[in-house]
Amino acid sequence: MKNIVILISGRGSNMEAIVHACAQRQWPARIAAVISNKADASGLQFAQARDIATAVVSHKNYASREGFDAALAAQIDSYQPDLVVLAGFMRVLTDAFVAHYDGRLLNIHPSLLPSFPGLHTHERALEAGVKVHGATVHFVTSTLDHGPVVMQAAVPVLSSDTPDTLAARVLQQEHVIYPQAVQWFVSGQLQLAESCVKAPGSQLLMLRGIE
């Protein structure tokens with residue numbers, strides 16, 4: 001039985017999707033804890049209502065990123081995690097933190113990496129005029145939004161799209177691929193070699209919503 005610790009900063013809708021999938025599909029894992037850097041993150045209430053342990057490590061209590069990350073890692077490690085999942089955790093992590101969880105730290109980013117790393121991905125996709133946009137689950141490395149890709153989902157960019165409508169369609173697919181990627185990890189079906197990830201059926205790209 002593997003332990004999953006999920007980090008959030010707000011509602012954590014991807015966290016909710018993972019919690020539901022873990023219970024419904026009976027993964028060989030449990031959500032050991034949900035941790036936030038914000039005490040008012042509404043996702044904490046969702047977790048508490050399901051008897052999942054929660055904790056808050058506020059970045060405002062630390063003078064440096066290094067100090068915050070060390071405290072966060074200590075809190076995470078108290079739950080003996082096999083996997084740490086970033087689900088809308090809005091903090092840039094230090095190299096030391098990333099190295100500590102090397103090979104067991106996943107993130108989801110709302111673009112088809114390596115395109116549009118960083119913030120405001122939907123606005124930038126529309127400005128660039130791309131015809132396909134999406135989301136990427138990847139292992140976290142010291143380079144922001146550039147870790148080995150586990151899984152991607154794509155959606156068409158419509159002529160009528162706004163950043164909000166595009167974001168909503170991408171988010172629907174995030175809720176599909178993130179639980180799947182986590183399930184592969186806890187089931188021992190992901191192989192990470194150098195910068196390449198092998199997944200069941202080599203399903204590194206899932207095209208959705210293009211029909």
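Please treat every number below as a calculation from the coordinates, not as lab data. Values in this document were obtained by computation on a predicted structure and should not be read as measured data. Here the Cβ is made from the backbone with ideal geometry for all residues, glycine too, and neighbour counts use every protein chain on show.
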Worksheet entry | Residues H120 and M1, FRET efficiency given R0 of 35 Å [Cβ-Cβ distance, rounded to 0.05] | 0.35
Worksheet, complete the sentence: If the chain between L171 and Q24 were fully extended at 0.36 nm per residue, the gain over the current Cα-Cα distance would be 50.9 nm
Worksheet item: Under a point spin-label approximation (7 Å from Cα along Cα-to-Cβ), what is the R91-L158 distance to one decimal in nm?
Response: 3.8
Fill in: Cα extents of the chain along the three principal axes, largest first (Å)
47, 38, 37
Item to complete: Write down the percent of antiparallel bridges among all DSSP beta bridges whose residues are both part of the chain, to the nearest 5.
Response: 40
Item to complete: State log₁₀ I(q)/I(0) for the stretch 80-146 at q = 0.12, 0.15, 0.21, 0.27 Å⁻¹ as given by the Debye formula over alpha-carbon point scatterers of equal weight, solvent excluded.
Response: -0.33, -0.50, -0.86, -1.23
Worksheet entry | Within the stretch 120-176: Cβ-based charge dipole about Cα centre, in debye rounded to nearest 20 (Lys, Arg +1; Asp, Glu -1) | 160
Discussion item. Using the basic label-point model (7 angstrom from Cα toward the beta carbon), what is the D51 to A74 distance in nanometres?
Written reply: 3.0
Worksheet item: Applying the Karplus parametrisation 6.51 cos²θ - 1.76 cosθ + 1.60 with θ = phi - 60° to the phi angles of the stretch 101-117, what ³J(HN,Hα) value in whole Hz is obtained for each residue in order, glycine and proline being reported as x?
Response: 10, 3, x, 9, 10, 10, 9, 10, 10, x, 6, 8, 4, x, 6, 6, x
Discussion item. Using a Cα-Cα cut-off of under 24 Å, which lysines could be cross-linked to K2, ignoring same-chain neighbours fewer than 8 residues away?
Written reply: K198
Item to complete: With only Lys, Arg, Asp and Glu charged, each at its Cβ (+1 for the first two, -1 for the last two), find how big the charge dipole of the stretch 69-206 is about the Cα centre; round to the nearest 20 debye.
Response: 300
Practice prompt. Search the structure for amide H atoms under 5 Å from the amide H of V132, placed 1.01 Å from N in the peptide plane, and list their residues when 5 or more places away or on another chain.
Written response: V157
